Structures are given as C-alpha cells and as structure tokens.
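The values are calculated or read from the model by the stated rules, or taken from the named source; none is laboratory data. What you see is a predicted model, and the numbers here were worked out from it, not measured in a lab. Counting neighbours? That spans all protein chains shown, and the Cβs are built from the backbone with ideal geometry, glycine included. When the accessible area is computed, the model is the full protein with side chains, heavy atoms only, and any ligands, DNA or RNA have been set aside. Shrake-Rupley method; radii C 1.70, N 1.55, O 1.52, S 1.80 Å.
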Amino acid sequence: WNNLVNELTLLQKLNSPYITKLHEMIQGKNHIYLVQEFANGGSLQNLLELKGRLPEKIAKKFLYQIVKGCTALYAERIVHRDLKLDNILVHFHRFKDKIKTKEIKAMDLATEEFTIKICDLGFSRKID
C-alpha cells in the first residue's frame, strides 16, 4: 500500500515525455486501478529479447532518452531505485495499438521514431 501511495504522489509531480503519465486513479471496493499512459512496444527487456543485440547507434538513441528520463526524476529530487529493462517501456510513434511480436522482429530500429517511458516508481523515493 505504501509503495502505491508513494508512486501516485511522485507521478503527479512529474511531467516528462520519458516517464509514464498517470491519467486517472479508480478506487474500487477492494482494489485501486491506475490508468497510465500506453506504450505500444512493451518493455525494453522484451524488445531486446526479440531483437537481440542492438547496434551502437541505436543503443545510443535508447540511452539518450533513458538519461533524459533520469534527469527529469533527479530534477524533482527523485531516485527510482528499481530501474531495469522491465521498467523502461518503448512507444513507437507510427503505431497506434500494441505491436505484434512479428512486427517488432521485422522492425528496422534505425528508421523508427520511438520514445522510452520510465515506469514503476513504486520503490522510488524523494530526497530532501
């Protein structure tokens, strides 16, 4: 419960294209549902499992955006504390819906426009 409250508090303070946005919170009888920004490409972990090793030029594009997301967190004095490939989502601009595995495998990342989204701020902490 504390992690959820913490995540909600932090997400409301952040406004970066590289961090998932919280659109709505719905409280049910026994559950709380978070409606967050959709990233159609899934996690960076999944992408790497499908694509294998990335060329340096492509890896630099991903790393640049990850650093921009971390910079946005640090500007608000937030430490993620659980940053891993599963907590970095990828959104491909030319697709509207979730992308199928075969489409990701066939994709040329050198020509695709994408934005990474850092997610899961449940273990994050604000530093005073």
- Note on the structure: Of the residues in region 104-128, those that are over 18 Å from Lys21 (Cβ atoms), in contact (Cβ under 8 Å) with a residue 12 or more places away in the chain and in a loop (DSSP other than H, G, I, E, B) come to Met107, Leu109, Ala110, Glu112, Glu113, Phe123, Ile127, Asp128
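Of the residues that sit in region 74-97 and are of a type in the set (A, V, I, L, M) and in a strand (DSSP E or B), which one is surrounded by the fewest Cβ atoms within 10 Å (Cβ to Cβ)? Steps first, please.
Within region 74-97, the first condition is being of a type in the set (A, V, I, L, M), and the residues that meet it are 75, 78-79, 83, 85, 88-90.
With the extra rule that they be in a strand (DSSP E or B), the set shrinks to 78-79, 88-90.
Working: Ile78: 19, Val79: 15, Ile88: 22, Leu89: 24, Val90: 22.
Going through the qualifying residues, I end up with Val79.
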- Look through region 102-128, keep the residues that are among the hydroxyl-bearing types (Ser, Thr, Tyr) and at pLDDT 95 or above, and return whichever of them is nearest to the chain's Cα centre (by Cα). Thr115
- Message: Please pick out the residue among Val67, Val35 that is out of contact with any Cys (no Cβ under 6 Å at 6 or more places or on another chain), at pLDDT 95 or above and closer than 22 Å to Ile78 by Cα.
- Response: Val67
- Task: Collect the residues in region 1-13 that are part of a helix (DSSP H, G or I), more than 15 Å from Glu76 (Cβ to Cβ) and open to solvent by 70 Å² or more (accessible area, probe 1.4 Å), keeping them in residue-number order.
- Result: Asn2
- Query: Identify, please: which residue in region 14-56 is surrounded by 10 or more Cβ atoms within 10 Å (Cβ to Cβ) and in a helix (DSSP H, G or I) and is, among those, nearest to the chain's Cα centre (by Cα)?
  - Reply: Leu44
- Which residue pairs have Cβ atoms under 8 Å apart, sit 6 or more places apart or on different chains, and have a first residue in region 92-103 that is in contact (Cβ under 8 Å) with a residue 12 or more places away in the chain and a second that is assigned to a strand (DSSP E or B)? Phe92/Phe114; His93/Phe114; His93/Thr115; Ile99/Phe92
